[in-house]
There are 2 protein chains.
Amino acid sequence: MSESPTIVRSIKDTARDVRGKILKRQTPTMAFPIRDLSNVKYRPSTGYFEMKGNHKVRTLTYNTVKTFAQTLRMMSLAKSLIETDDIATKRDAYYQSKAWAEARFDEQDESDTVMDDIEAYFEVNREQLGFIPDEHGGAVAGELVVLDRDQDTGRKLRIDCTKFGSGAYAVPHTVEHLGFETKAKFILAIETAGLFQRLVKHNFWRHADCILVSMGGVPTRACRRFIRRLAEERKIPVYAFVDGDPYGYCNIYRTLKVGSGNAAHINRFFCVPNARFLGVTPYDIADFDLQDATHPLKDVDIKRAEDALKNDPFFKHHKPWQDALHKMMKMKVRIEQQAFAKHSLNYVIEKYLPEKLKHTDKFLP
Amino acid sequence: MSESPTIVRSIKDTARDVRGKILKRQTPTMAFPIRDLSNVKYRPSTGYFEMKGNHKVRTLTYNTVKTFAQTLRMMSLAKSLIETDDIATKRDAYYQSKAWAEARFDEQDESDTVMDDIEAYFEVNREQLGFIPDEHGGAVAGELVVLDRDQDTGRKLRIDCTKFGSGAYAVPHTVEHLGFETKAKFILAIETAGLFQRLVKHNFWRHADCILVSMGGVPTRACRRFIRRLAEERKIPVYAFVDGDPYGYCNIYRTLKVGSGNAAHINRFFCVPNARFLGVTPYDIADFDLQDATHPLKDVDIKRAEDALKNDPFFKHHKPWQDALHKMMKMKVRIEQQAFAKHSLNYVIEKYLPEKLKHTDKFLP
């Protein structure tokens, strides 16, 4: 956490400003970026959803005194987490507030909102404030050494992800402190744990010289941040391998690549702008003879695809994605990444992936 | 998979029997154990839900020919998985059937049922047939070396779970082939990933000389099987640390310890009969001054607890559990394992766990 001293300084500056105004009998204010889709734009050059810059101002008044106090308390908790190199989940923070007397939170929704406000205010991600998600960070196997350290002794640890056999490395909930050594040619980000396990079982990473990451559905913050840091620092391309359906395209892949609409203030940390889409595409259905392994699109699929074409700045920007979504709507079917098992269990390893990897220029953006 | 030759032999015997009858123009039959709660009993001496022994007989007739053929096909797939040391998820198996002409499955529900029937028929767990779950197996950190091997080279791998820093070992989807080296005093099975991360962050395993396992809610098959094999082979006690609510008691802990009602044919592989309940108990609320960090029981909580008291053979057998559930219903509140954060973030590490671990004899059964 190399930025920690800067963040602590910012927290102190803000607190000092508020205190100073109160002592001078002025009204303290804090301006928070607005966190919703109305305040979001997609800039292809940076590669993620950004905020347009609109703010809401919180002024200390009779009506806002509780929220104001809670905001300062939460900032204080973040400061202490950073200074003691400790962590807290959102739930932990909520429970901590039970000792804040009148500033206690009644529901976790309220403390989550204040935490999100602070994260946006300081323009950091909340992991940098010591707040960690209560969810797994994905699993990793392949040509990668993760550098960590023992919390007690400070001794450096080299975690060799080629040496886990049928198992894998479970990514921690915060990854800011990790280092990486690798000569892998690419990172393959995989939607389902089942397919990840198949590729691990057959050491696909060794034959393809790559790093395998199991996202387990929509990738968590820690998982996205892990891929992003690894890809950026070691300059490795990222290929996404997810189900060929609107959820896979518009939720999993879109979130991995550009982030999500209601978290625009942190997308710059969590998106993976260099990610490209390996498959499964609607074109693969004919190319790999998968017609009889498809499933009909459901109403919810169609609605999701139509929404993306109409409202999502990412899909509105990329013509090849519009074509792919239209193709899928016309075919009226979806295809899963496990559907290759129709041919044979290891068709995906022996045919599909090698074939696709020969033409990375054809991947969707 | 040391039992593999036996299983292949059983599959062949069954197939030979069916074929023999057909050639003799007799009617082939297969008798499958009935898999529901009506066919379940709880035997404290073995420590898990068992089947009572009722069977349903599937006879090859005009009406059953498709299911019969599918059953034989699925057996054949299992045989080939074992012989080639390969794996398939339930979804993979469903897709494989697309190449089975008239015996193809239209929905995965159907193929899952046939797979469960076969598992019960051969009295093995389906991982032994090469079928793996499409879900994670939990995360592990602490005083444990997992023994695995490289799939390509056969070289032995020693995976040292003390050397992952802030990360962890992700348990593979099937664990039958793993070996273990450990001198740990106990296994702590933890409900939430958030609390697991806190204990990992502070190397709790080193100070308490234990192995930490993150279950992430109701433990998956692989996670339970991992804990069971480890506990049994190395003769280590297992302590469960979950939320103090009916879901934690009646779903998470009950499933970990004795298995589930509708999977009685495999509980003997997946339950952890020596597990004991560390907390959070309703008594802890007063003992650790947590009153103001509780939440009111919801209707669904009350219904779940009442159901358990009335219908669940496990709770009906254990008086201390009945007392605990009644106590909770009387207090009308539930308590989460993260609630200790009310005192301080590391109260759980510095006070609660050490205090409880001094009196393991007081753990609930």
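The values are calculated or read from the model by the stated rules, or taken from the named source; none is laboratory data. Quantities reported herein were computed from a predicted structural model and do not represent experimental measurements. For neighbour counting, all protein chains shown are included, and Cβ atoms are generated from backbone atoms with ideal geometry for every residue, glycine included. The area values use the complete protein model at the heavy-atom level, side chains included, leaving out ligands, DNA and RNA. Shrake-Rupley method; radii C 1.70, N 1.55, O 1.52, S 1.80 Å.
Can you give the accessible area of B:SER260 in Å² (nearest 10), computed on protein heavy atoms with a 1.4 Å probe?
Counting only protein heavy atoms, the figure is 30 Å².
With a 1.4 Å probe and all protein chains kept in place, how much accessible area does A:ASP116 have, in Å² rounded to the nearest 10?
30 Å²
With a cut-off of 8 Å between alpha carbons and a minimum separation of six or more residues, what is the relative contact order of the range A:1-129 in percent? Mind showing how you got there, number by number?
Working: 126 pairs, mean separation 33.1, N = 129.
Across the range A:1-129, relative contact order equals 26 percent.
With runs of 4+ DSSP H residues as the only contributors, calculate the mean residue ellipticity of chain B at 222 nm using -39,500 (n - 2.57) per run, divided by the residue total and rounded to the nearest 500. The partial results should precede the final answer.
Numbers: 14 runs with 141 residues, N = 365.
Calculated from helices alone, the mean residue ellipticity at 222 nm is -11500 deg cm²/dmol.
Which whole-number percent gives the relative contact order of chain A, counting Cα pairs below 8 Å spaced six or more residues apart? Could the numbers behind the result be given before it?
Numbers: 608 pairs, mean separation 53.8, N = 365.
Computed value for chain A: 15 percent relative contact order.
What does the structure give for B:130-142 when I average, per residue, the other chain Cβ atoms found within 10 Å of the residue Cβ?
Values: counts 1, 0, 6, 3, 8, 5, 10, 6, 2, 8, 2, 2, 0.
Mean shielding by partner chains, rounded to a whole number: 4.
Roughly how many Å² is the accessible area per residue of the range A:108-154, as a whole number, for a 1.4 Å probe?
Ligands and nucleic acids excluded, the figure is 30 Å² per residue.
So, taking all protein chains as they sit and a 1.4 Å probe, how much accessible area belongs to A:ILE266, in Å² rounded to tens?
That residue has around 10 Å² of solvent-accessible surface.
Can you tell me the order of B:170-177, A:64-71 when each peptide is scored by its average per-residue count of other Cβ atoms within 10 angstrom, highest first?
Values: B:170-177: 23.6, A:64-71: 16.6.
Highest to lowest by the protection proxy: B:170-177, A:64-71.
Quick one: ranking A:MET331, B:MET328 by accessible area, 1.4 Å probe, largest first, what do you get? Kindly include the intermediate steps, with their values, before the conclusion.
Numbers: A:MET331 65, B:MET328 0 Å².
Solvent-accessible surface, decreasing: A:MET331, B:MET328.
Give the angle, between 0 and 90 degrees and rounded to the nearest 10, that separates the Cα long axis of helix A:221-234 from the longest principal axis of the Cα atoms of chain A.
70 degrees
Ranking request for peptides A:190-201, B:50-61: highest mean number of other beta-carbon atoms within 10 Å first, then the rest in descending order. Intermediate values should be presented prior to the final figure.
Working: A:190-201: 25.4, B:50-61: 13.5.
Order by mean packing, descending: A:190-201, B:50-61.
I'd like the orientation of helix B:65-84 relative to chain B: the angle between its Cα long axis and the longest Cα principal axis, in ° from 0 to 90, rounded to 10.
Once rounded, one gets 70 degrees.
Select from the range A:320-342 all residues whose loss of accessible area on going from the chain by itself to the full protein assembly reaches 20 Å² or more (probe 1.4 Å).
Buried on complex formation: A:GLU336, A:GLN338, A:ALA341, A:LYS342.
Ignoring solvent entirely, what values of log10 I(q)/I(0) come out of the Debye formula for the range B:199-239 at 0.28, 0.30, 0.33 Å⁻¹ when each Cα is a single scatterer?
Debye curve over Cα of the range B:199-239, log10 I(q)/I(0) at q = 0.28, 0.30, 0.33 Å⁻¹: -1.03, -1.06, -1.09.
Around B:ALA222, with a cut-off of 12 angstrom between Cβ atoms, what is the net charge of the other residues, counting Lys and Arg +1 and Asp and Glu -1? Could the numbers behind the result be given before it?
Numbers: positive: B:ARG126, B:ARG221, B:ARG224, B:ARG225, B:ARG228, B:ARG229; negative: B:GLU127, B:ASP134, B:GLU135, B:GLU176.
After counting each charged neighbour, the total is +2.
Tell me the angle of helix A:299-311 to the major Cα principal axis of chain A, expressed in degrees between 0 and 90 and rounded to the nearest ten.
Orientation of helix A:299-311: about 60 degrees from the principal axis.
A:LYS332: which lysines have alpha carbons under 17 Å from its alpha carbon, excluding same-chain residues fewer than 8 sequence positions away?
A:LYS298, A:LYS303
Evaluate the charge dipole of the range A:153-232 about its Cα centre and quote only its size in Debye, nearest 20, assuming +1 on the Cβ of each Lys and Arg and -1 on the Cβ of each Asp and Glu. Spell out each step's value before the answer.
Details: 14 positive and 6 negative charges, 29 e Å.
It works out to roughly 140 debye.
Would you mind giving the mean number of other chain beta-carbons within 10 Å of the Cβ of each residue in B:189-201, as a whole number? The partial results should precede the final answer.
Numbers: counts 0, 0, 0, 4, 10, 11, 4, 4, 12, 7, 0, 5, 8.
For this peptide, the per-residue mean of nearby foreign Cβ atoms is 5.
Note every residue of the range A:266-301 with a reduction of at least 30 square angstrom in accessible area, all protein chains present versus the isolated chain, computed with a 1.4 Å probe, or write none.
A:ASP292, A:HIS295
Could you work out what % of the accessible surface of chain B is carbon and sulfur, using a 1.4 angstrom probe and leaving DNA, RNA and ligands out of the count? If you can, show how the numbers build up before the last one.
Values: 7250 of 14950 Å².
Ligands and nucleic acids excluded, carbon and sulfur reach 49 percent.
Under the rule of at least 5 residues apart or a separate chain, name every residue whose amide H is placed under 5 Å from the amide H of B:VAL238.
Here B:ILE187, B:ARG276 satisfy the definition.
Determine the distance separating the Cα centre of the range A:199-232 from the Cα centre of the range B:15-88; give it in Å without decimals.
38 Å
How large is the dipole of the range B:26-73 about the Cα centre if only Lys and Arg carry +1 and Asp and Glu carry -1, each at its Cβ, rounded to the nearest 20 debye?
Working: 8 positive and 2 negative charges, 11 e Å.
So the dipole magnitude of the range B:26-73 works out to roughly 60 debye.
Taking beta carbons within 10 Å but only from partner chains, what does the mean come to for residues A:151-164? Write out the running numbers ahead of the final one.
Values: counts 7, 4, 2, 0, 2, 1, 6, 2, 5, 1, 0, 2, 7, 8.
Partner Cβ neighbours, averaged per residue: 3.
For the interface of chains B and A, what total accessible area is buried with a 1.4 Å probe, rounded to the nearest 100 Å²? Don't skip to the end; give the middle numbers.
On the way: alone 17450 and 17500 Å², together 29950 Å².
When B and A are taken together, about 5000 Å² of accessible area is lost.
Hey, for A:ASP299 with labels 7 Å out along Cα-Cβ, what do the inter-copy distances come to in nm, ordered shortest first?
2.6
If one computes the Cα centroid of the range A:278-337 and of the range A:135-157, what distance in Å separates the two points?
Between the Cα centre of the range A:278-337 and that of the range A:135-157, the gap is 37 Å.
How large is the dipole of the range A:28-140 about the Cα centre if only Lys and Arg carry +1 and Asp and Glu carry -1, each at its Cβ, rounded to the nearest 20 debye?
480 debye
Just the number: Rg to Rh for chain A, Cα atoms, Kirkwood Rh, two decimals.
Values: Rg = 22.7 Å, Rh = 22.3 Å.
Expressed as Rg/Rh, it is 1.02.
Where Lys and Arg each count +1 and Asp and Glu each count -1, what net charge lies around B:LEU195 among other residues with Cβ under 12 Å from its Cβ? Let's see the in-between values first.
Details: positive: A:ARG91, B:ARG198, B:LYS201; negative: A:ASP92, A:ASP134, B:GLU191, B:ASP243, B:GLU336.
Result for the local shell: -2.
Which whole number in µm²/s is D for the range B:259-329 by Stokes-Einstein, with the Kirkwood Rh taken over Cα pairs at 25 °C and 0.890 mPa s?
On the way: Rh = 14.1 Å.
My calculation gives 175 µm²/s for D.
So what is the accessible area of the range B:277-365 per residue, in Å², with the probe set to 1.4 Å? Let's see the in-between values first.
Numbers: 4330 Å² over 89 residues.
Accessible surface, normalised per residue, equals 49 Å².
Among DSSP bridges having both ends in the range B:56-178, what percentage is antiparallel? Round to the nearest 5.
Values: 7 of 9 bridges.
Within the range B:56-178, antiparallel bridges account for around 80 percent of the total.
In the neighborhood of A:PHE131, defined by Cβ-to-Cβ distances under 11 Å, what is the net charge if each Lys or Arg adds +1 and each Asp or Glu adds -1? If you can, show how the numbers build up before the last one.
Working: positive: A:LYS90, A:ARG91, A:ARG126, A:ARG221; negative: A:ASP86, A:ASP92, A:ASP112, A:ASP116, A:GLU119, A:GLU127, A:ASP134.
Charge balance near A:PHE131 sits at -3.
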